[in-house]
């Protein structure tokens, strides 16, 4: 029998190793402050996760979600988060059918669940449209499309393509992927003066016209095994630069996601999600959460 979350219960799930805690705002005994988010997401003092998905009433949608990074900041959109939430809503009896709409700060998202009997096999999400226009990302400077621009970071000059898919991304194409380099440059690019709202960072290596390998530095989270919006952003940047076809498999350390890009830059993301556990925030933890 499918049941909603009870008071202070949570579900933890992951999309290719990118893990989120799902909470229902209507079932929380206290407000979810940025300080509380940081504690709950901490792997030593809390449950531990890459972020929190808070179910809220939808704005002209079936459901709504607030997406919190582990540093307490709020994200506009998350491809893995949306797919995790869609599976959660269906599996736990919130959504009666395998198609639903979800409102986010980054716009309305529609999700479809591919079922094997009553089991969710894969989730596809309509992720909105990509834009390369500087004011819409945002990127500082005059209004233009930010494609193959030079970005100075320390003593390096990087060639970047920036894109918004509902949240901001900076894509750097490279011949070799280096985790240490991503961890060194990622935080500097994230907080570069060119990006007034900070930015997500992806290093991408082409494997063919239909396949790309990436490493991710996620705004507010750091080095991340997978990211749905990062995969969408890289696919869009590849097409914009004439490097791939419009259907691309994006490989990250956590696994592969499929991205399709329409003629008007509409984005569709498909991939798996797995639930890890269901539990309840303990009284010890709740008493220690800042109000």
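Tabulated data for the structure shown
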{"item": "Ranked by how many other beta carbons lie within 10 Å on average, peptides 85-97, 67-79, 138-150 from highest", "result": "67-79, 85-97, 138-150"}
{"item": "Ranked list, fewest to most other Cβ atoms within 10 Å of each Cβ, for 127, 6", "result": "6, 127"}
{"item": "Residue-span extension gain [residue 44 to residue 283] - 0.36 nm each, minus C-alpha spacing", "result": "84.4 nm"}
{"item": "Distance from segment 17-82 to segment 140-154 (C-alpha centre basis), Å", "result": "32 Å"}
{"item": "C-alpha center-to-center spacing [segment 188-220, segment 93-121] in angstrom", "result": "27 Å"}
{"item": "Nearest 10 degrees, 0 to 90: helix 179-190 Cα axis against the chain principal axis", "result": "90 degrees"}
{"item": "Cα→Cβ-extended label distance, 7 Å offset, between residue 56 and residue 136, nm", "result": "2.4 nm"}
{"item": "Net lengthening on full extension, residue 207/residue 3 (0.36 nm per residue, minus Cα-Cα)", "result": "69.1 nm"}
{"item": "Per-residue [θ]222 nm for the chain (sum of -39500 (n - 2.57) over DSSP H runs n ≥ 4, rounded to 500)", "result": "-5500 deg cm²/dmol"}
{"item": "Listed peptides 159-170, 272-283, 46-57 by packing density, highest first (mean Cβ within 10 Å)", "result": "159-170, 46-57, 272-283"}
{"item": "Compactness relative to 2.2 N^0.38 Å, alpha carbon Rg of segment 131-264", "result": "0.94"}
{"item": "Ranked list, fewest to most other Cβ atoms within 10 Å of each Cβ, for 198, 121", "result": "121, 198"}
{"item": "Extension reserve of the residue 129-residue 157 stretch, reckoned as 0.36 nm per residue once the Cα distance is removed", "result": "7.2 nm"}
{"item": "Computed over the chain: relative contact order in percent, which uses C-alpha pairs under 8 Å that are six or more apart", "result": "19 percent"}
{"item": "Relative contact order (%) - segment 131-264, alpha-carbon pairs under 8 angstrom, separation at least six", "result": "19 percent"}
{"item": "Spacing of the two label points (7 Å from each Cα toward its C-beta) at residue 74 and residue 256, in nm", "result": "3.7 nm"}
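Read-outs: derived from the displayed coordinates by stated rules, not from any lab. Bear in mind that the values here come from a model prediction, so they are computed numbers and not experimental data. All Cβ positions, even for glycine, are placed from backbone atoms using ideal geometry, and neighbour counts span all protein chains on display.
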